[in-house]
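Here is the structure we will look at, set down as structure tokens.
Values quoted throughout were computed directly from the atomic coordinates according to the rules given, and no laboratory measurement underlies them. Keep in mind that this is a model prediction, so the values were computed, not measured. Please note: Cβ atoms are built from the backbone with ideal geometry, for glycine as well, and neighbour counts cover all protein chains shown.
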Amino acid sequence: MSILIDFGRDTEFSFERRLRRYLGAVARAVGVGLESCTLDAGTPAAAYIALDWRLDRFPGHDLALVWDEVHGWAAAIEDATGEAATVLAYLGRDVLPEPRAVVRFLAAVRAGDPGAGALEAPVLREAGDHEHLLTLVPESAVS
């Protein structure tokens, strides 16, 4: 991992700290704690939130939210071994949307709404440039 120093500020440290707070805000919004989350602040940055729900149409598969800095949030189901996740839908639009937008997306996925998201992975940005990504974290999610 490279460390970028910008006028005395460690960008990668700031990025990971702010991204962790954003992930915590999303986790709380969907009703789970940080113990249900993982974060990889490398390039590409990625996150995972394990949920306490299953979908009727996929019995035996746990539901999760997955995020990466290229595609944004997606709802996914895990196979029985917990090794692989299959994306059901991508939220799209913003790479770091407000937590309440993630909640609405998840509710639509859980309801089986066919308009809940995109099946194709959107390319919202290129991986890297974490200093710019820092500016996209919603202020309301980290205050």
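Observations
- GluC sites (Glu not before Pro), loop per DSSP, at most 15 other Cβ atoms within 10 Å - longest free stretch of the chain: 1-82
- Rounded, prolate or oblate (a/c below 1.5 giving rounded, otherwise prolate when a/b exceeds b/c) for the range 91-143 by Cα gyration tensor: oblate
- Tail fraction, Cα-Cα pairs, the chain, threshold 28 Å, whole percent: 16 percent
- For the range 42-143, the set of trypsin sites (Lys or Arg not before Pro) satisfying both a DSSP loop assignment and a count of at most 14 other C-beta atoms within 10 Å is given as 57, 93.
- Charge context of residue 76, other residues only, Cβ under 12 angstrom, K/R +1, D/E -1: -4
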